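Here's the structure, in structure tokens; my notes come after.
The values are calculated or read from the model by the stated rules, or taken from the named source; none is laboratory data. Quick caveat, the model's predicted, so the values are computed rather than measured. Positions of Cβ are generated from backbone atoms using ideal geometry, with glycine treated the same way; all protein chains shown enter the neighbour counts.
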Amino acid sequence: MGDILSYLLWGFAVISVYISVEEAFRKTAEKKAKYLFIAYQLGSAVWSMFFGLLLAQTDPEMAADMRIPGMVGMFCYLISATLLMSYWAKLEGRLKFYIEGFAYLGIPLYPLTVSRENISYQVSEFGMSYQFAPGFWSYAYSGYTVVVAINMMVMIFIMIHKSPKKRERVMGKKLFLCEIVIIIGMVMDTIMPQFGFPAFPGSSISQFLGAVIIYQVYLLYYRSQITLENMSRFLYYSVNEPILIYDEKERLRIVSSSAREFFGETVQEDTERKISHIFEVPAGILDMEDDRIVTEAKCLCNDSFCHLGIDRITDRYGDVLGYIIVVDDMTDKINNMKELQEARRRADEANEAKSRFLANMSHEIRTPINAVLGMDEMILRESRSTEVLGYAMNIQNAGKALLAIINDILDFSKIESNKMEIVENDYAIKDILMELTREVSLRAEKKGLRFVTEFDPKLPSKLRGDEVRLRQIFLNILTNAIKYTKTGSVLFHASFTEMEGQQIILDVFVKDTGIGIKEEKIPYLFDSFQRVDEKSVHNIEGTGLGLSIVKRLVELMKGTLEVKSIFGVGSVFYVHIPQRVVIREPAGNMDETMKQKPLRKYEASFEAEDARILVVDDYKLNLQVIQGLLKETKIKLTMAESGRECIQKVQEQKFDLIFLDHMMPEMDGIETLHLMQEMEHNLNRNTPVIALTANAVAGGKRDVSSGRICGLSVEAD
Ligand code: ADP
């Protein structure tokens, strides 16, 4: 019997050592629990080992020697078990101090428990046994073990009744079982020897059973940490994306809970449903070259469109274990995308329709206005009556204002649809500045304002940039300055800053002594249709579009626009635009030149009796206007009212120049031009053709500038 018990205890020792070594190599963030657990298991191992040896002895002295390390194991066991339970029960304050401190009393007790005088040994039917000599130490030792057992009960009670977590309550119940087992063992070899019974090594056996239970509790505790295993559970149960796991023989082994929901009953674990039975994918898709592939496929179970991430799982030797397939249902996303694309297509169509409408409107409105202005120009040239000239001037002003509004609306629509383009040409800055001065100084004078110019004579005479848009920018801020100034003056300044290479920055500012702009309104100045301080400007004509167009144009030219203004005192608008220098020679004194070239009454600048020009326009009034405007040049004009008539005329006669209207019913300018180029009997194959268009929407220019055409877009006047 003694031998059997010894072998049993040695077996326990081996198991406890194995558990503690295994734990030593396990990675865990809970270091304190880990070390206490290892100390506890090692204590158990030493206890089992030496008490097993003690049992096997026949010599009392040898038995006493075995008890010396055996008791070390026992105290180590009791102290580490107390500390581990205290940690799990989250003891704090005095209670922790008392319970943990009491466990350490085992250390001073230890020498007494191994003292040779206190214990007598004799061989019993269970092998070598021992009895305690009565005395203080023996009561102290028994008292110690009883109090430690009570303390453990207290901690277990706390865990079961006070812990907010169910897991900890379950741990507490298991520890309670462990405690009962240990107590039964203790009664046999600690309490019974007190009453003269030989000590049966009950606690040596029960401590091991206790250690096994604590091992279980420890595993339960360990599983509550973040580990690979519980994370896999999380992925399995909680991840929204359906997950399928196949083994290396392509048998479906795991179907995650979301996958069950997604695929329905037909996709089950441990079935032969290959991936090609679930998705529209090639049969051998899993024989993939890389460890991961991503593909898109239709699901055969529910017709949804899915994005599949397929990963091959291999072990550390590189052998295939299986495949994980993470499914992303794209059906909603694809439907949303389709809806967005459809909405965008409709918006584009609507925008196109708007642009077409604007192009047509521009043509329809500009054509008669141009005719009115052309006729009016003839009155201005031919009338001698001051009264009539006055009326004609008014018509001209109103007509130009109307054209300006239409131009602004068209420019705005171009900007909105990102069709505004900057077209660069070589130009003379002098021409722009002087023409603008001429145009606006008259308006300023009429309002009783002083118009002052300040042009740097060193400005390079020829620059490269978009002359038309520059004029538009300057004209806009000049017109505003005059519009919003009642008395005082308007200063028009132009100078430049040298930059690297052939670049300069054109520095232009317009300063007025007008109504000014409130500081808080300045940020809104460039918003479309925004007229700041409506009250003070309501009687001044305007659409609130000008500055937003100016700002955009300046940005397109990579320049900057700044405003400084004091309400009631005046404003300054600064424009800085980079331009390339073509001819560096200074433009010279422009104020002087202006004085040398006063405004004259119209005179034809040339006469060309032999010149023949064909004018093609379906709008009769335009034909009359051209006829009237070119009258004094004595050029021979031939008129055609349609593309077809033009085709006929070019076969009959050779012209020096052809003016061809773009927008005509039946055959438009472009078709007419193409036909002219393809025709055999065309006497005007090499005659320059100037296309006339009232359509200022981008795209118009591009259409007509093909072939041998001199593309000219006549925008406003
Ligand atoms: P509008 O057609 O109304 O003149 P703009 O876009 O050119 O439109 O100008 C926007 C607003 O900025 C104007 O309505 C006016 O309130 C203000 N503004 C522009 N220039 C000046 C200026 N020189 N002095 C005072 N206010 C100005």
Can you pull out the strands (runs of 3 or more DSSP E) entirely within region 227-329 that have at least 2 residues that are farther than 30 Å from LYS27 by Cα? 292-298, 305-314, 320-329
In region 541-586, which residues are of a type in the set (Ser, Thr, Tyr) and either over 22 Å from LYS511 (Cβ atoms) or more than 10 Å from the ligand (Cβ to nearest atom) (or both)? THR543, THR560, TYR574
Can you name every residue in region 133-143 that is touching a helix residue (DSSP H, G or I) at 6+ places or on another chain (Cβ under 6 Å) and crowded, with 19+ Cβ neighbours inside 10 Å? TYR141
Just checking, how many residues over region 394-417 are away from the ligand (no atom under 14 Å from the Cβ), of a type in the set (A, V, I, L, M, F, W, C) and in contact with a helix residue (DSSP H, G or I) (Cβ under 6 Å, 6 or more places away or on another chain)? 3
Would you pick out the residues in region 221-247 that are farther than 16 Å from SER304 by Cβ and at pLDDT 85 or above? ILE245, TYR246, ASP247
Taking region 101-132 as the region of interest, how many residues are outside any helix (DSSP H, G or I), at pLDDT 80 or above and exposed (fewer than 14 other Cβ atoms within 10 Å of the Cβ)? 2
Within 14 Å of the ligand (Cβ to nearest atom), small (Gly, Ala, Ser) and under 20 Å from GLY559 (Cβ atoms) - does that describe any residue in region 461-476? no
Please pick out the residue among ASP348, ASP328 that is under 28 Å from the mean Cα position of the chain (by Cα) and in contact (Cβ under 8 Å) with a residue 60 or more places away in the chain. ASP328
Pair list, Cβ < 9 Å and 6+ apart or interchain, from region 569-582 residues that are basic (Lys, Arg) to residues that are away from the ligand (no atom under 16 Å from the Cβ): ARG580/GLU424; ARG580/LEU463; ARG580/ARG464; ARG580/GLY465; ARG580/GLY501; ARG580/GLN502; ARG580/GLN503; ARG580/ILE504
Go through region 565-593 residue by residue and tally those that are surrounded by 15 or more Cβ atoms within 10 Å (Cβ to Cβ) and part of a strand (DSSP E or B). 14
If I ask for residues that are under 30 Å from GLY127 (Cβ atoms) and either in a loop (DSSP other than H, G, I, E, B) or in contact (Cβ under 8 Å) with a residue 12 or more places away in the chain (or both), which ones from region 15-41 would you list? ILE15, SER16, VAL17, ILE19, SER20, ILE38, ALA39, TYR40, GLN41
Quick check on region 362-385. Is at least one of its residues at pLDDT 90 or above, over 30 Å from GLY465 (Cβ atoms), hydroxyl-bearing (Ser, Thr, Tyr) and more than 16 Å from the ligand (Cβ to nearest atom)? no
Checked against (1) farther than 24 Å from LEU403 by Cα; (2) assigned to a helix (DSSP H, G or I), GLU377 satisfies every condition except (1)
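The rows are residues; the columns are (1) under 15 Å from VAL575 (Cα atoms); (2) outside any helix (DSSP H, G or I); (3) free of Cβ contacts under 8 Å to residues at least 60 places away in the same chain.
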residue: LYS430; (1), (2), (3): no, no, no
residue: MET434; (1), (2), (3): no, no, no
residue: THR437; (1), (2), (3): no, no, no
residue: PHE451; (1), (2), (3): no, yes, yes
residue: LYS458; (1), (2), (3): no, yes, no
residue: SER461; (1), (2), (3): no, yes, no
residue: ARG464; (1), (2), (3): no, yes, no
residue: ARG471; (1), (2), (3): yes, no, yes
residue: ASN476; (1), (2), (3): yes, no, no
Picking from LYS458, LYS447, the residue that is of a type outside the set (Val, Ile, Thr), over 27 Å from GLU555 (Cβ atoms), surrounded by fewer than 16 Cβ atoms within 10 Å (Cβ to Cβ) and within 15 Å of the ligand (Cβ to nearest atom) would be LYS447
In region 407-427, residue nearest to the chain's Cα centre (by Cα) [restricted to those that are at pLDDT 85 or above and surrounded by fewer than 19 Cβ atoms within 10 Å (Cβ to Cβ)]: GLU421
Residues of region 483-518 satisfying the condition of being of a type in the set (Phe, Trp, Tyr), assigned to a strand (DSSP E or B) and within 13 Å of the ligand (Cβ to nearest atom): PHE492, PHE509
Filter region 380-405 for residues that are part of a helix (DSSP H, G or I), more than 30 Å from LYS419 (Cα to Cα) and among the small types (Gly, Ala, Ser) and give the result. GLY390, ALA392
